[in-house]
Every structure is written in structure tokens, then in C-alpha cells.
Amino acid sequence: MTEKQFLIDDFKLGESWRLFKIIGEFVEGVETLHDLGPAVSIFGSARVGPEDPIYQKAETLGGLFARNGFGVITGGGGGVMEAANKGATEAGGTSVGLNIHLPHEQVPNDYATICIEFKYFFVRKVMFLKYASAYIALPGGFGTLDEVFESITLIQTQRIRPLPMILVGADYWNGLLDWVRQNLEKRDLISPHDLDIVQVIDDPVEIVQAVKGILKI
């Protein structure tokens, strides 16, 4: 066997073993969250602190959903994730953190009562979507936008149920939605009704009421 062939075979073996790691993450996620019950996934920036109105709104939302019988699922890190987990925990609810290993280590927050560690983003995303009855997005960066557009795409293509997708913060989201209307809808790159998937609601009480109304809870 040549050195080149040995390296190719070694790479294939590494790829095969990686599949077992991926399966292991799926198994842990499913076993941990199978009996979770009604829950909402809350997305948003890891970079906002307790003094930020966005953090405070996420904390309020976490508490309100918990008091209305919903578990709260976040990415398990700081900022909006910490705030939502904190609100849910302090309200006596189920508070889930799906933490991801990053090159600049994301430290799990102290408020998730259930914490699962992931290496693979796509496995983590499945857990966000599979175990939530609604998706709530506060202002955030690329990660938040990725989670929002993936949720919308899966609803649009009927790969998941048409669950509530609520954007929190009209001043943050309306510019993006206007861009979508101008550059996607007007060019027939999406259907006119595709944006009906999304609601923009700022008031935490109205958000919880909207979710309960759509789900008929």
C-alpha cells in the first residue's frame, strides 16, 4: 500500500467514526427531550448583557412562557439565551440549554435546568425544531438569522408543521422584511403568502397569547 492510499483509507475511517459521534448526539438529544412537553425555542444574540432591553424582554418572555405551561429551549449560552433560561427557571418552568462547542468556547449559562452539549450545529438545530411548538426570535447576529431562515424554509417547504414563527423587535426586523419584499417577493423568488409564516410582535404578553391562540391552548 502506498503512503497516499494509506492516508485516503485513514481519512475514510475517520469519516466513518464521525458518523457514530453524530448518531450519539442525536440519541442523547432525543432521549433527553422526548418527554419535554409543550415548549418554545427562543433565539437571539449572545452578546447582550442584563442591562440591555433585549435581554430584559427575553427574560420576561421566558418567565411568561413558563407560567403558561411551556418549556423554554435556548442555545444555552449567554445574552438572550441566558435571559430566557433565567426567566423560565425563576418562574419554576423547564429550562433547556442546547449548548454548542465553538472555537471561542461558548460557556453554558447557569439557568438551564436541562443542558445538552453539541459539537455539530445541524444536530442541535434538529433539537430546536423538533421539540418546539413555536419559534421566537429576538435581535441577533448571523446565528440568529440562520435559525430564523431555516425555520421559515422548513415551514415553507412543508418539512415541519406550520408552527408560529414570531420575530420580536419591529425596529430590528422590519428592515429585513422590507428587503425580502423588495428583492424576493417582487421578483417572484418567493410566493406572496410565504411571508405569512412570520409575525412581528413586540409585547411579551401578546406573543404568548398569539402562540396559545395559534396552537389552540
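Structure values in brief
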| read-out | value |
| --- | --- |
| Entirely in region 101-183, the helices (runs of 4 or more DSSP H) that have 3 or more residues that are over 30 Å from F20 (Cα atoms) and of a type outside the set (D, E, K, R) | 170-180 |
| Subset of region 186-217 [without any contact (Cβ under 8 Å) to a residue 60 or more places away in the chain and part of a helix (DSSP H, G or I)] | P192, H193, D194, L195, D196, I197, E206, Q209, A210, G213 |
| Search result, residues across region 80-99 that are buried (at least 20 other Cβ atoms within 10 Å of the Cβ) and either farther than 23 Å from L64 by Cα or hydrophobic (A, V, I, L, M, F, W, C) (or both) | V80, M81, A83, A84, A88, V96, L98 |
| The lone exception for P162 - which of (1) at pLDDT 95 or above; (2) surrounded by 11 or more Cβ atoms within 10 Å (Cβ to Cβ); (3) closer than 30 Å to A66 by Cβ it fails | (1) |
| Only listed residue being within 19 Å of T113 (Cα to Cα), modelled with pLDDT of 95 or more and among the hydrophobic types (A, V, I, L, M, F, W, C), chosen from I54, I42 | I42 |
| Odd one out for L36 among (1) surrounded by 13 or more Cβ atoms within 10 Å (Cβ to Cβ); (2) part of a helix (DSSP H, G or I); (3) at pLDDT 95 or above | (2) |
| Neighbours by Cβ (under 6 Å, 6+ apart or cross-chain): first from region 93-113, under 18 Å from R47 (Cβ atoms); second surrounded by fewer than 21 Cβ atoms within 10 Å (Cβ to Cβ) and of a type in the set (D, E) | N99/E117 |
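The values are calculated or read from the model by the stated rules, or taken from the named source; none is laboratory data. Keep in mind that what you see is a predicted model, and the values were worked out from it rather than measured. Note that we place each Cβ from the backbone using ideal geometry, even for glycine, and neighbour counts take in every protein chain shown.
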